Amino acid sequence: MTQQTAASVSDYYAAVGSIVNEELELEDGELTDGGHFIDDYDSDSLSLITVVARIEKELGVVMPKTDLTELVNLRLLVDGVERYAKENPND
């Protein structure tokens, strides 16, 4: 999926959710909007860096690594992807 095809909120949500599921090795249906990546899914900072790297590669949305500490669940991560996609639409 490219940045151009991930234009709607639901597209970002599905794409980011899929990446998180794969990287955190979660079962279908286990990931929730508010589930804390580290506390609820036993993730670590390296896993989250990998998630953000895949988002950048697959969706074309560059997110500052300094924001990682704030992106603690799926809803906040998708919100961040949407925000940075709007700020840098052609990057």
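Across the stretch 39-61, the number of residues qualifying as surrounded by 15 or more Cβ atoms within 10 Å (Cβ to Cβ) and hydrophobic (A, V, I, L, M, F, W, C) comes to 6. Counting only helices (runs of 4 or more DSSP H) wholly contained in the stretch 9-91, the ones carrying 1 or more residues that are among the basic types (Lys, Arg) occupy 45-59, 74-87.
Values quoted throughout were computed directly from the atomic coordinates according to the rules given, and no laboratory measurement underlies them. Being a predicted model, the structure only gives us computed values, none of them experimental. Cβ atoms come from the backbone with ideal geometry, glycine included; neighbour counts cover every protein chain shown.
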